[in-house]
Amino acid sequence: MIPRKKLIAGNWKMNKTSADGVALVRDIVAAVGKQSEVEVVVCPPFTALESAARALEGSNVKLGAQNMHFESSGAFTGEVSAPMLRAIFTTHVILGHSERRSYFGETDALVNQKVIAALKNQLRPIFCVGESLAERESGSTLKVVQTQVERGLEGVSKELGQGIVVAYEPVWAIGTGKVASTDQAQEVHAFIRGLLVKLFGEPVAQKVRILYGGSMKPANAPELLAQKDIDGGLIGGASLEARSFVELVNAAAAIK
Ligand code: PGA
């Protein structure tokens, strides 16, 4: 079986002006723009996407957005569509991030519409799932993740399923400095892989990358990334500085 290429994606959230973003992308490109062992994606805010696209031109670093609408165009004030993202060379899009779910009321059904729209427009969704602290403490982690995966990927064909990246992000670990233990993370990643087998069959499920997200840092990344079903990271805080982000890429490259 061909090993899955590790993927390190930086989720900048609502940080960086367009000029600050260009500076960060230049530093990242200078350090890891030529390597191809690890797939590297930066996800700036919408206002920095186009300038970031220019700054990463000619490198192996790819561009992701943090959200999108499921319709291609129309009267949806404040929204951005998949074709608009594609037109500025975006290849990935984070969908269903827990901050979108909790602060902006995104439901599994809405996330599902977005996932399908992204895939149909040749954008690779980084589809996020994860339980809250209360859900973990009450023992319902796997049930919650199962519901999010099954509803979020409903109606996605086997063929389109190959284009997905899943990110497991325990909500209690995001931006808190509390990282899931390697055992906690690997357990959920293996569980998600099993759900993908049911949805898409073994060959597709073995190809899909499942990223861990939630306070991943250079110090804890090597152990997490060495787990069998952890295929990379979705990085928030540590993606805002070139040095820590590059260290994470190098940590992923060092796993054999
Ligand atoms: P964090 O964020 O690395 O700052 O915890 C991860 C994410 O929300 O994607």
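The values are calculated or read from the model by the stated rules, or taken from the named source; none is laboratory data. In this text, all values refer to a predicted model and were calculated from it rather than measured experimentally. Cβ: placed from backbone, ideal geometry, glycine included. Neighbour counts: every protein chain shown. Surface areas here come from the heavy atoms of the whole protein model, side chains and all, with no ligands, DNA or RNA. Shrake-Rupley method; radii C 1.70, N 1.55, O 1.52, S 1.80 Å.
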Next on the checklist: Can you go through SER181, SER215 and tell me which one is open to solvent by less than 20 Å² (accessible area, probe 1.4 Å) and over 27 Å from GLY161 (Cα atoms)?
Outcome noted: SER215
Checklist entry - For region 154-175, how many residues meet the condition of being without any contact (Cβ under 8 Å) to a residue 60 or more places away in the chain and either over 19 Å from GLU223 (Cα atoms) or over 18 Å from the mean Cα position of the chain (by Cα) (or both)? => result 13
Item to check | Residue match in region 240-256 (condition: within 23 Å of GLY152 (Cβ to Cβ) and either among the basic types (Lys, Arg) or part of a helix (DSSP H, G or I) (or both)) | outcome: no
Next on the checklist: Pairs needed: first member in region 109-130, under 19 Å from GLU159 (Cα atoms); second member anywhere, among the polar types (S, T, N, Q) and at pLDDT 95 or above; C-beta distance under 7 Å; at least 6 residues apart or different chains.
Outcome noted: LEU123/THR90; LEU123/THR91; ARG124/THR91
Item to check | Filtered residue count, region 147-174, keeping only those that are modelled with pLDDT of 95 or more and assigned to a loop (DSSP other than H, G, I, E, B) | outcome: 8
Checklist entry - Do any residues in region 10-26 that are within 16 Å of the ligand (Cβ to nearest atom) have Cβ atoms under 7 Å from those of residues that are among the aliphatic types (A, V, I, L, M) and part of a loop (DSSP other than H, G, I, E, B), where the two are at least six apart or on different chains, and which pairs are they? => result TRP12/LEU240; ASN15/LEU240
Checklist outcome for this item: Here the qualifying pairs (Cβ atoms under 6 Å; residues six or more apart or on different chains; first in region 36-51 and charged (D, E, K, R); second in a helix (DSSP H, G or I) and surrounded by fewer than 23 Cβ atoms within 10 Å (Cβ to Cβ)) come out as GLU37/ALA253
Item to check | Counted residues, region 216-235 - those being under 24 Å from LEU63 (Cβ atoms), out of contact with any Asp or Glu (no Cβ under 9 Å at 6 or more places or on another chain) and within 14 Å of the ligand (Cβ to nearest atom) | outcome: 3
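To keep it simple, each residue is scored yes or no on (1) touching a Cys at 6+ places or on another chain (Cβ under 7 Å); (2) modelled with pLDDT under 95; (3) closer than 15 Å to ASP229 by Cβ.
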site: GLU131; (1), (2), (3): no, no, no
site: GLY139; (1), (2), (3): no, no, no
site: VAL145; (1), (2), (3): no, no, yes
site: THR176; (1), (2), (3): no, yes, no
site: GLU187; (1), (2), (3): no, no, yes
site: GLY194; (1), (2), (3): no, no, yes
Item to check | Filter result (open to solvent by less than 50 Å² (accessible area, probe 1.4 Å) and among the hydrophobic types (A, V, I, L, M, F, W, C)) within region 120-147 | outcome: LEU123, ILE126, PHE127, CYS128, VAL129, VAL144, VAL145
